[in-house]
Amino acid sequence: MKIAVAKGDGIGPEIMEAVLKIFKANKVPLEYEFVDIGKWVFDKGFSNGMTPEAKQVIETVGILFKGPMETPKGKGVKSINVTARKTWNTYANNRVFQTLHGVDTVFSKAGILIDITVVRENIEDTYGGVEHMQTHDVALSRRFITRPGSLQLIRYAFEMAKKKNAKRVTCSHKANIMKITDGLFLDCFYEVAKEYPELKSDDVIVDDLCMKLVTRPDTFDVVVLTNLQGDIVSDLCAGLVGGLGFAPSANIGDHICIFEAVHGTAPDIAGKNIANPTALLLSGIAMLRHLGFMENAAIIENALLYSLENGVHTGDFGNKNYPSVNTTQFADSVISNFGKIPAQGAKPILPNMPATPTNFKLEKNPMLVSKEMEEEKIVGVDMFIESAEQPLMIAKKCERHAGVKFKLLSISNRGTQVWPTGSVYTNLVNQYNARFESLDGEPLNQQDIIGLYVSLSGNFKICSLELLNTWGDIRAYSLAQGQ
Ligand code: NAI
């Protein structure tokens with residue numbers, strides 16, 4: 001079976017070499033096609049950081065095993081890591097954080113064993129990177145949480161939890177504040193949870209989760225989160241088990257999967273052959289299991305755990321009373337321990353399963369739609385306008401433009417209502433949301449909205465607008481704070 005390998009930048013080539021050496025010694029039945037992705041590809045003038053040949057190989061073989069990659073700073077280019085995840089729809093980011101015997105942490109010393117899998121949404125949220133300066137003072141980032149995207153991710157989390165015999169799947173969110181976006185994610189969670197009655201499902205607000213993770217991390221099993229919250233929580237979990245050097249990551253899609261360490265290129269230690277290859281090795285082991293090479297995965301993982309348990313360590317962790325080994329020596333130690341079983345956390349050696357070929361050709365992009373259209377009515381519009389005037393003055397001007405179709409309902413600033421009621425203590429920035437509703441309660445159409453836009457633009461710069469829709473009894477927009 002063939003997979004694509006990108007060695008990466010900084011410490012990438014050193015740790016990749018160590019991992020492939022271990023695979024070779026264990027006769028892992030994989031062929032490698034090395035592809036050109038990374039900083040030096042940007043430098044050669046490929047604006048997305050990968051050559052067309054690399055893209056073609058990855059799309060043909062379906063699996064990319066990659067080292068960390070550097071995104072050049074200040075050149076206006078997007079992160080190669082995020083581009084790869086988004087282009088190939090690797091919608092679920094699976095990160096396993098386990099107590100590793102031999103890697104001392106405050107929890108391992110207290111006898112608290114951790115085994116948490118964080119499933120993070122990988123494509124949506126603010127990571128769409130759709131951002132605009134609305135005024136010189138006000139930046140806007142669009143946060144996309146979609147129903148099909150959330151369902152796809154959450155279903156993966158439950159399936160994965162079932163396969164690994166997990167007991168509990170927890171959804172973490174901030175739906176108490178972001179009622180529409182995180183509210184949608186939470187609704188999707190409980191919708192999917194119904195299909196898995198054998199698993200305990202519950203939810204926790206993300207700030208509460210962080211507190212609970214640092215006090216009782218052993219109470220969590222599988223945790224599923226949106227992109228940004230998942231990114232932050234997974235680094236927190238890495239800290240619980242000894243740091244980024246022990247954090248593997250699998251980016252799972254229906255057609256293409258990317259396996260990589262969570263850490264970056266570590267430029268401070270690059271080229272010295274002292275980096276810790278554990279996180280990349282754990283990512284490689286997850287890849288072997290994904291491909292059905294269970295026996296290879298278990299032998300290598302047991303050898304790694306045995307080495308750690310016996311105090312083998314690179315300079316970034318472990319007992320400083322014992323000398324550290326370099327990257328190559330670490331790999332050699334794992335190889336020399338093939339067949340040994342660690343005293344703690346040993347993995348069962350299951351026979352290899354036949355690997356499924358992943359080659360595919362998509363005829364067209366599938367459109368992800370999960371819900372039939374319900375009756376939709378436009379009942380108003382939010383006009384985001386630039387102004388440095390006080391709310392009362394803005395209201396007077398807006399009311400002049402409301403005409404026979406609209407009435408001005410409210411004005412808010414950064415989400416807090418400042419007209420018709422509000423507080424003089426609310427700080428203002430130079431962008432307001434003037435919310436207009438239908439004057440007679442009758443539904444509006446897009447021409448009505450454009451009419452209002454044209455009229456209002458006589459007085460204000462309109463930065464953006466959002467339609468206010470209802471679906472039957474459901475209001476598809478949020479209220480301003482204090483409305
Ligand atoms: P980093 O993870 O590269 O380094 C943070 C600290 O951890 C450094 O002190 C480093 O020496 C240490 N460290 C990281 N991995 C280690 C390992 N395997 N063994 C021993 N020590 C290790 O994070 P930083 O410095 O913020 O980012 C450096 C570059 O990496 C940036 O260009 C960033 O964009 C890129 N990056 C790439 C990622 C990827 O390809 N998935 C992920 C994160 C960052």
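The values are calculated or read from the model by the stated rules, or taken from the named source; none is laboratory data. This structure is a prediction, so every number in the text was calculated from the model and none was measured. Glycine also receives a Cβ, built like all others from the backbone with ideal geometry; neighbour counts cover every protein chain displayed.
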Which residue pairs have Cβ atoms under 6 Å apart, sit 6 or more places apart or on different chains, and have a first residue in the stretch 1-23 that is outside any helix (DSSP H, G or I) and a second that is among the acidic types (Asp, Glu) and within 12 Å of the ligand (Cβ to nearest atom)?
Asp9/Glu70
Within the set of pairs 6 or more residues apart or between chains, which connect a residue that is within 22 Å of Ala238 (Cβ to Cβ) and assigned by TED's automatic domain parsing to the domain that holds Gln344 inside the stretch 296-324 to a residue that is away from the ligand (no atom under 16 Å from the Cβ) and part of a helix (DSSP H, G or I) with Cβ atoms less than 8 Å apart?
Ala297/Leu288; Ala297/Arg289; Ile300/Phe23; Ile300/Leu288
Positions within the stretch 438-483 being over 17 Å from Ile394 (Cα atoms) and in a strand (DSSP E or B), in sequence order
Ser438, Leu444, Glu466, Leu467, Leu468, Asn469, Thr470, Trp471, Ile474, Arg475, Gln481
Tell me, yes or no, whether the stretch 270-286 has at least one residue that is under 25 Å from the mean Cα position of the chain (by Cα) and more than 16 Å from the ligand (Cβ to nearest atom).
no
Among (1) at pLDDT 95 or above; (2) within 33 Å of the chain's Cα centre (by Cα), there is one condition Ala395 misses while meeting the rest; what is its number?
(2)
Within the stretch 243-269, tally of residues that are within 9 Å of the ligand (Cβ to nearest atom) and part of a loop (DSSP other than H, G, I, E, B)
6
Can you report the number of residues in the stretch 12-64 which are more than 25 Å from Lys272 (Cβ to Cβ) and among the acidic types (Asp, Glu)?
4
Single residue of the stretch 438-477 satisfying the filter (of a type in the set (S, T, N, Q) and surrounded by 14 or more Cβ atoms within 10 Å (Cβ to Cβ)) that is farthest from Ala388 (Cα to Cα):
Thr470
Taking the conditions exactly as written (away from the ligand (no atom under 16 Å from the Cβ), closer than 21 Å to Ala261 by Cβ and touching a Ser or Thr at 6+ places or on another chain (Cβ under 8 Å)), does Ile63 satisfy them or not?
yes
Checked against (1) among the aliphatic types (A, V, I, L, M); (2) under 22 Å from Val5 (Cβ atoms); (3) in contact with a His (Cβ under 9 Å, 6 or more places away or on another chain); (4) away from the ligand (no atom under 12 Å from the Cβ), Leu305 satisfies every condition except (2)
Condition test on Lys66, is it more than 24 Å from Val130 (Cβ to Cβ) and surrounded by fewer than 22 Cβ atoms within 10 Å (Cβ to Cβ)?
no
Does any residue of the stretch 288-299 turn out to be farther than 21 Å from Val325 by Cα and either within 16 Å of the ligand (Cβ to nearest atom) or of a type in the set (Ser, Thr, Tyr) (or both)?
no
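Being outside the structural domain of Val241 (by TED's automatic domain parsing), surrounded by fewer than 17 Cβ atoms within 10 Å (Cβ to Cβ), away from the ligand (no atom under 15 Å from the Cβ) and touching a residue at least 40 places away in the same chain (Cβ under 8 Å): is that true of Lys78 here? I'd like the intermediate steps shown before the answer.
On the way: outside the structural domain of Val241 (by TED's automatic domain parsing): yes; surrounded by fewer than 17 Cβ atoms within 10 Å (Cβ to Cβ): yes; away from the ligand (no atom under 15 Å from the Cβ): no; touching a residue at least 40 places away in the same chain (Cβ under 8 Å): yes.
No; evaluated as a whole, the condition is false for this residue.
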Output for the stretch 307-323, where each listed residue is in a loop (DSSP other than H, G, I, E, B) and in contact with a Phe, Trp or Tyr (Cβ under 9 Å, 6 or more places away or on another chain):
Gly311, Val312, His313, Thr314, Phe317
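Residues that are assigned to a strand (DSSP E or B), surrounded by 21 or more Cβ atoms within 10 Å (Cβ to Cβ), of a type in the set (A, V, I, L, M, F, W, C) and in contact with a Gly (Cβ under 9 Å, 6 or more places away or on another chain): does the stretch 211-234 have at least one? Spell out how you get there, then give the answer.
Start the filter on the stretch 211-234 by keeping residues that are assigned to a strand (DSSP E or B), which leaves 222-225.
The next check asks that each one be surrounded by 21 or more Cβ atoms within 10 Å (Cβ to Cβ); those that pass are 222-225.
Checking which are of a type in the set (A, V, I, L, M, F, W, C) leaves us with 222-225.
With in contact with a Gly (Cβ under 9 Å, 6 or more places away or on another chain) added as a condition, the list becomes 223-224.
Yes; the residues of the stretch 211-234 include at least one that is assigned to a strand (DSSP E or B), surrounded by 21 or more Cβ atoms within 10 Å (Cβ to Cβ), of a type in the set (A, V, I, L, M, F, W, C) and in contact with a Gly (Cβ under 9 Å, 6 or more places away or on another chain).
Just name the residue that is nearest to Arg143 (Cα to Cα) out of those in the stretch 180-210 that are among the hydroxyl-bearing types (Ser, Thr, Tyr) and buried (at least 16 other Cβ atoms within 10 Å of the Cβ).
The first filter runs over the stretch 180-210 and keeps only residues among the hydroxyl-bearing types (Ser, Thr, Tyr), leaving 181, 190, 196, 201.
Imposing the further condition that a residue be buried (at least 16 other Cβ atoms within 10 Å of the Cβ) reduces the set to 181, 196, 201.
On the way: Thr181: 8, Tyr196: 29, Ser201: 26 Å.
Ranking the qualifying residues of the stretch 180-210, first place goes to Thr181.
Out of curiosity, is Leu240 more than 13 Å from the chain's Cα centre (by Cα) and either within 15 Å of the ligand (Cβ to nearest atom) or free of Cβ contacts under 8 Å to residues at least 60 places away in the same chain (or both)? Before the answer, list the steps.
Working: more than 13 Å from the chain's Cα centre (by Cα): yes; either within 15 Å of the ligand (Cβ to nearest atom) or free of Cβ contacts under 8 Å to residues at least 60 places away in the same chain (or both): no.
The answer is no for Leu240.
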